[in-house]
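Contents: one structure, followed by commentary.
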């Protein structure tokens, strides 16, 4: 195969990995449900998509500030939206530049509801679940230091 053709095909394929921004946000106190594909986790879901919310001690504002600082230290993360009870961030994979949308919702209770979903593809091989568990562990460690 011609190297120029291969480079062109790879460029087109990688450009398409960002996908389109899905409908996100909090509606009636709930994050957007996961699609039927296994590349999403949501603390307000049931079944295979369910993941525990992140609990915290202190005020929601303190928890949000800690989470924002934590997210700023993660690699390939963009904070898209930071509102009083909601954070939307994007995580981009290193090689293929896949974009995942990660949301955090702070209801009137000491938990942070989470949703992490791939924009494209079918399976993420558990990447979204591992990401939330990684954030949960780092967040818990930061809480113990304060």
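First measure r as the distance between the Cβ atoms of residue 90 and residue 122, then evaluate 1/(1 + (r/R0)^6) with R0 = 22 Å and state the FRET efficiency to the nearest 0.05.
So, using R0 = 22 Å, E works out to roughly 0.65.
At what distance in nm do the modelled label points of residue 30 and residue 61 sit from each other, each positioned 7 Å from its Cα along Cα→Cβ?
Placing both labels 7 Å along Cα→Cβ, they lie 3.1 nm apart.
PRE reach from residue 133 (point 7 Å along Cα→Cβ): which of segment 23-60 fall under 13 Å by backbone N?
So the set is 51-52.
How high is the relative contact order of segment 3-145, given as a whole-number percent (alpha carbon pairs under 8 Å, six or more residues apart)?
27 percent
For the pair residue 140/residue 68, report the inter-label distance in nm, with labels modelled 7 Å from Cα in the Cβ direction.
2.6 nm
Each value in this text was obtained by applying a stated rule to the coordinates, not by laboratory testing. Predicted, not measured: the structure shown is a model, and the values here were computed from it. All Cβ positions, glycine included, derive from the backbone under ideal geometry; neighbour counts span all protein chains shown.
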